[in-house]
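The values are calculated or read from the model by the stated rules, or taken from the named source; none is laboratory data. Computed from a predicted structure; not experimentally measured. Cβ placement follows ideal geometry from the backbone for every residue including glycine, while neighbour counts extend to all protein chains displayed. The accessibility values were calculated without ligands, DNA or RNA, using every heavy atom of the protein model including side chains. Shrake-Rupley method; radii C 1.70, N 1.55, O 1.52, S 1.80 Å.
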Amino acid sequence: EAGLWDWNIIDDTVYFSSLFKKILGYQDHEIYGSRENWRNLIHPEDLPLISEKAELVRLGQLTRLEANVRMLHKNGTWIWISTRGGAIYDEQHHPIRLIGTNTDITRIIEARAQTEGLQVDLKLKESHLEELKEVTLRDTLTNVYNRRYLEVIIQEDIQRALLFHTHLSLAVLDLDHFKRINDSYGHDVGDQQLIFVSRLIQSSIRESDAIIRLGGEEFVIVFRDTDMN
């Protein structure tokens, strides 16, 4: 349903049709057409935009008025209205009237907002899943990758190497006599040594490479796109 409105630019009078009023919840006798009433019905945040466009039509700089604005319903709520209008000109091509319609698009706007909200929520969930996945692939002590990363991700690396005929190298290493550190200085000092070594290795490899802690003092380094040399 579309409610008709008619602005006579010459004498600055406005006509609201019965359907125009009905869309806003009013009986025909409860409100009359005027620019003042029109302005009072439009949401303060939307008023500058539509007022500017109406003024451009009055000055002959704009031929059509098109805007989606919030208008005040009789029950006190704001509903979304699609306002569409076109200018009528005299023989000198001066605008003398602006006639258009108001259509309630609240359901469309709300449905669109809900859809966008679901999309945003889905993206957030996907982001949280990625974060959770990343956490489960990290060693809690050193923050380098753990054995699960090697089991899961290395399969993708192998398939990629086979598909694109590239090379993949693995280096396995451990810390000699590490048990002596724990026995002599305690596990806290041993943990600090593991963290230090992990950071040292991390700073010595490329961003495309990966360091994995298998457990204890055992590590694996994945060198992507490299041969044995």
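Comparison of Val172, Val189 shows that the only residue that is open to solvent by 80 Å² or more (accessible area, probe 1.4 Å) and either farther than 19 Å from Arg138 by Cβ or touching a helix residue (DSSP H, G or I) at 6+ places or on another chain (Cβ under 6 Å) (or both) is Val172.
Pairs are defined by a Cβ separation below 8 Å, a sequence spacing of at least 6 or placement on different chains, a first member in segment 211-223 that is small (Gly, Ala, Ser) and at pLDDT below 90, and a second member that is open to solvent by 40 Å² or more (accessible area, probe 1.4 Å) and not in a strand (DSSP E or B); the pairs so defined are Gly215/Arg147. Tallying residues that are among the aromatic types (Phe, Trp, Tyr), in a helix (DSSP H, G or I) and under 25 Å from Arg224 (Cβ atoms) within segment 145-195 yields 2. Taking the criterion of being open to solvent by 80 Å² or more (accessible area, probe 1.4 Å) and under 17 Å from Leu98 (Cβ atoms), the residues of segment 47-83 that qualify are Leu49, Glu52, Arg58, Leu59, Gln61, Thr63, Arg64, Glu66. Looking across segment 132-183, the residues that are over 24 Å from Leu194 (Cβ atoms), without any contact (Cβ under 8 Å) to a residue 40 or more places away in the chain and among the polar types (S, T, N, Q) come down to Gln155, Gln159. The lone criterion from (1) of a type in the set (A, V, I, L, M, F, W, C); (2) over 22 Å from Thr136 (Cβ atoms); (3) open to solvent by less than 30 Å² (accessible area, probe 1.4 Å) left unmet by Phe223 is number (3). Leu194 fulfils the conditions (1) more than 25 Å from Val222 (Cβ to Cβ); (2) at pLDDT 85 or above; (3) open to solvent by less than 100 Å² (accessible area, probe 1.4 Å); (4) not small (Gly, Ala, Ser) except for a single criterion, (1). Please find, within segment 201-219, the residue that is least open to solvent (accessible area, probe 1.4 Å) out of those that are part of a loop (DSSP other than H, G, I, E, B) and under 16 Å from Asp139 (Cα atoms). Among those that are part of a loop (DSSP other than H, G, I, E, B) and under 16 Å from Asp139 (Cα atoms), it is Gly216. Apart from one condition, Thr101 fits all of (1) crowded, with 16+ Cβ neighbours inside 10 Å; (2) not in a strand (DSSP E or B); the exception is (2). Residue pairs whose Cβ atoms lie under 6 Å apart, separated by 6 or more positions or on different chains, with the first residue in segment 84-109 and free of Cβ contacts under 8 Å to residues at least 60 places away in the same chain and farther than 20 Å from Leu62 by Cβ and the second open to solvent by less than 40 Å² (accessible area, probe 1.4 Å) and among the hydrophobic types (A, V, I, L, M, F, W, C), are Thr106/Ile79.
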